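Encoded as structure tokens, the structure appears first; notes follow it.
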Amino acid sequence: KVTIKGIERELICPACKELFTHPLILPCQHNVCHKCVKEILFAFEDTFADGGSESSNQSSPRIKISSSSMDRIDRISRSGTKRNSLTPRSSLFPCPGCQRDIDLGERGINGLFRNFTLETIVERYRQAARAAIAIMCDFCKPPPQESTKSCMDCSASYCNECFKIHHPWGTVKAQHEYVGPTTNFRPKILMCPEHEMERVNMYCELCRRPVCHLCKLGGCHANHRVTTMSTAYKTLKEKLSKDIEYLISKEGQVKAHITQLDLLLQETECNSERAKEAASQSFEKLYYVLEEKKSAALKAIEASKNLRLEKLQTQAEEYQGLLENNGLVGYAQEVLKETDPSFFVQTAKQLHVRIQKATESLKNFRPAAETTFEDFVVDIAKQEDILGDLAFHSNGLETPEINEEQSRVYNKALISWECPGKTDSADTYVLEYHKLNREEESATWQEIKVCSKSKVISDLDDNSSYAFRVRGYKGSICSPWSQEVILHTPPAPVFSFLFDDKCGYNSEHLLLNPGRTSVESRAGFSLLLGSERMQVGCYTTLDYIIGDTGIAKGKHFWAFHVEAYSYLVKVGVVSSSKIQKLFHNTQDVTSPRYEQDSGHDSGSEDAFFDSSQPVTLVTLGMKKFFIPMTPASPKDPASRILPLPSCLGICLDCDKGKVGFYDAGRMKCLYESKVDCSGMMYPAFALMGGAAVHLEEAVTAKYGEYHDDI
């Protein structure tokens, strides 16, 4: 026998937290009161109208919409369907029990089954809870009598006399079904909510709900597998009985788990009290230190105040004595009355010295003490930061480390980190960053909460340095801060372009990838044929390719990678007025793509750049960066050769007529020269032999997600 009071938890609506009233079965198989479903839909409708404000959540005192449900409001509001003003417009809402999105379809609430079995159990529970409260007859004249039976066909309760009157022998009503007094009346036949005149006689195994024959013939269950109601009843009852028997057979194990959980509850209570006591002691120590410091500071200020007041008071008395008939002046006036020369000289000599000092002090007046206490201002900026970071530290929560190889700054900043251990015990992370500014002594950290192990930041200033740090959180416990990593932003906004596959592009010598972000020069048979036609001592020319977008004004930056195996690559900018000269040189004796002097021999390497050149570029190759020869550069060629950075950048300033070549990893300028920017400027690249150039990929939010998944 089941004790009704022991199953109260199963009879509580997850929305209103009260006993079910006319429960409806949701598609997720959870039960919710009919009134609660309508109120939830209306509450979400009001929330959408109010823009998701928190005040709109209290549209009904019965329901309590959780924060996780409120997070779905934007998505749900876009999916809701419109209805008339008497019914909720939204048909999509999160289930209060499992938080899954429930779509009620076109029929809305009318398409849900009422759980009569659960309703009956709730009624039995109510009767057990209020056994002393009688159900009164619905037909007695005042005062009503206590009912003795309820008619399921009439949905009413009767006393003995009224029942005989309304159900006389020999009539149809005499055949009505009656039970003991109850307020729970359910229909004898379960009707289909889709087809209200049809009774359900089948069970859809896919949707796990009763259906009628019209649902199977032409409704939404036409292609679903169904079974007869009797078969479904027998099958489900057998399964439920077996599962219940299994749970009952494991009663000893369940009780053991309950005992263990009770012990864990007690242990949790004890440990929490110990943790509170330890935390209180830690803060008491801080209070003690602060009180000691406070007392010492106040004593020092008080001592300084007394000393200064004493000095100022003494000085004020001295100046008071300089008044007529008072103090030193009054005494001097009395001395002047002495007529005997010897006596006067004896006294006046010392007095005259004092008068001279007083006169000098009057001319050069300075207070004997400062009135300000600037030297006694307590600097607590660092301590505030430390106290602001005060949290529960756990030795088991590992300190994350920012991966400098995977982190990079281009058009945006991508910051990636990892935990040194094999397992990641943190639930969330907090990423902080601030701009390094020499003028500001204490920087203000900007904080971002992250659930993954990478984050894309887009609000950084150009030509700046930023410090980044990260820490992990697991509940209220946090790890120490990671070591700060300093990254530099590009000197100018990032300029986006692709390699141009039309203007001057030679597909015989150069190979573009489908996205036009990489170009490769292959030293193949065509290069040998070109070299065979050249005169002795000359080299084949470079194969040029430019960007598909030009720059007319402003300051712009772009970055790229040069493969380490590249023999010769030139990078820089070209003016639109010189593109024709670049690709169709009149001195070419073999083809439009070849010239007798490529500028790569020893003589041209020592030549200075001048404005007559069709392009302004520098030479790369064999893992080296060659700084061009200028009048100010040293004569030793070795001093102009630098290691080739893994990523190179070019900064073009059209307004100032300058182009700079950067180590894009450190954002350090390696070489800068003047350039004629009178026309449209294009990024220019030249390759010879085996070489390859890859444009730097822009940082996007999706890139960060993809990178984190990897």
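Here Leu617 does not fit the description of being open to solvent by less than 60 Å² (accessible area, probe 1.4 Å) and either at pLDDT 90 or above or within 39 Å of the chain's Cα centre (by Cα) (or both).
Yes/no matrix, rows are residues, columns are (1) surrounded by fewer than 19 Cβ atoms within 10 Å (Cβ to Cβ); (2) under 30 Å from Gly690 (Cβ atoms); (3) modelled with pLDDT of 85 or more:
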| residue | (1), (2), (3) |
| --- | --- |
| Val409 | no, no, yes |
| Thr423 | yes, no, no |
| Leu436 | yes, no, yes |
| Glu439 | yes, no, no |
| Asn463 | yes, no, yes |
| Pro480 | yes, no, no |
| Ile486 | yes, no, yes |
| Ser496 | yes, yes, yes |
| Arg516 | yes, yes, yes |
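Number of residues in segment 144-156 that are closer than 26 Å to Pro23 by Cα and loosely packed, with under 15 Cβ neighbours inside 10 Å equals 1. Number of residues in segment 195-243 that are in contact with a Ser or Thr (Cβ under 9 Å, 6 or more places away or on another chain), touching a residue at least 12 places away in the same chain (Cβ under 8 Å) and of a type in the set (Ser, Thr, Tyr) equals 2. With the structure loaded, tell me whether Ser633 is modelled with pLDDT under 90 and in the same structural domain as Ser576 (by the TED database) or whether it fails that test. Against the criterion (modelled with pLDDT under 90 and in the same structural domain as Ser576 (by the TED database)), Ser633 qualifies. Contact map, segment 425-436: residues that are within 15 Å of Thr399 (Cβ to Cβ) paired with residues that are buried (at least 16 other Cβ atoms within 10 Å of the Cβ) and among the acidic types (Asp, Glu), Cβ distance under 9 Å, separation 6+ or inter-chain. Pairs shown: Ser425/Glu398; Ala426/Glu398. A Cβ distance below 9 Å, combined with a sequence gap of six or more or placement on separate chains, defines the contacts here; from segment 655-675, residues that are within 17 Å of Phe626 (Cβ to Cβ) reach residues that are open to solvent by 80 Å² or more (accessible area, probe 1.4 Å) and outside any strand (DSSP E or B) in the pairs Asp663/Ser646.
Counting the residues of segment 329-377 that are surrounded by 10 or more Cβ atoms within 10 Å (Cβ to Cβ) and among the basic types (Lys, Arg) gives 2.
Consider segment 112-125 and keep the residues that are in contact with a helix residue (DSSP H, G or I) (Cβ under 9 Å, 6 or more places away or on another chain) and at pLDDT below 80. The one that is surrounded by the most Cβ atoms within 10 Å (Cβ to Cβ) is Tyr125. The single condition among (1) open to solvent by 100 Å² or more (accessible area, probe 1.4 Å); (2) within 19 Å of Thr117 (Cα to Cα); (3) modelled with pLDDT under 85 that Met197 does not satisfy is (2). Filter segment 446-455 down to the residues that are assigned to a strand (DSSP E or B) and open to solvent by 30 Å² or more (accessible area, probe 1.4 Å) and list them by number. If the condition is that a residue be assigned to a strand (DSSP E or B) and open to solvent by 30 Å² or more (accessible area, probe 1.4 Å), then Gln446, Glu447, Ile448, Lys449, Lys455 are the ones that fit.
Every residue, every condition in (1) within 47 Å of the chain's Cα centre (by Cα); (2) on the phi > 0 side of the Ramachandran plot; (3) assigned to a helix (DSSP H, G or I), yes or no:
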{"residue": "Cys220", "(1), (2), (3)": "yes, no, no"}
{"residue": "Gln266", "(1), (2), (3)": "yes, no, yes"}
{"residue": "Cys270", "(1), (2), (3)": "yes, no, yes"}
{"residue": "Tyr287", "(1), (2), (3)": "yes, no, yes"}
{"residue": "Glu310", "(1), (2), (3)": "no, no, yes"}
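Summed over segment 214-250, residues that are in contact with a Cys (Cβ under 9 Å, 6 or more places away or on another chain), of a type outside the set (A, V, I, L, M, F, W, C) and open to solvent by less than 90 Å² (accessible area, probe 1.4 Å) total 5.
Being at pLDDT 90 or above, within 20 Å of Ala552 (Cβ to Cβ) and touching a Cys at 6+ places or on another chain (Cβ under 7 Å) is the filter here; which residues of segment 660-682 pass it? Selection gives Gly660, Met681.
So is Pro210 under 25 Å from Leu19 (Cβ atoms) and either open to solvent by 80 Å² or more (accessible area, probe 1.4 Å) or assigned to a loop (DSSP other than H, G, I, E, B) (or both) or not? No, not satisfied.
The rows are residues; the columns are (1) at pLDDT 90 or above; (2) within 30 Å of Ala348 (Cα to Cα); (3) in contact with an Asp or Glu (Cβ under 9 Å, 6 or more places away or on another chain); (4) of a type outside the set (D, E, K, R).
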site	(1), (2), (3), (4)
Asn223	no, no, no, yes
Ser230	no, no, no, yes
Lys239	no, no, no, no
Ser249	yes, no, no, yes
Asn271	no, no, no, yes
Ala275	no, no, no, yes
Asn306	yes, no, no, yes
Leu312	no, yes, no, yes
Asn326	no, yes, no, yes
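The residue of segment 157-194 that is surrounded by the fewest Cβ atoms within 10 Å (Cβ to Cβ), among those that are without any contact (Cβ under 8 Å) to a residue 24 or more places away in the chain, in contact with a Ser or Thr (Cβ under 7 Å, 6 or more places away or on another chain) and of a type outside the set (Phe, Trp, Tyr), is Asn160. In segment 154-175, the count of residues that are small (Gly, Ala, Ser) and closer than 30 Å to Cys215 by Cα is one or more. Val470 meets each of the listed conditions (1) of a type in the set (A, V, I, L, M); (2) closer than 30 Å to Asp655 by Cβ; (3) at pLDDT 90 or above; (4) crowded, with 20+ Cβ neighbours inside 10 Å apart from (2).
The values are calculated or read from the model by the stated rules, or taken from the named source; none is laboratory data. Keep in mind that this is a model prediction, so the values were computed, not measured. For neighbour counting, all protein chains shown are included, and Cβ atoms are generated from backbone atoms with ideal geometry for every residue, glycine included. Quick note on the areas: whole protein, heavy atoms, side chains included, nothing else; ligands and nucleic acids left out. Shrake-Rupley method; radii C 1.70, N 1.55, O 1.52, S 1.80 Å.
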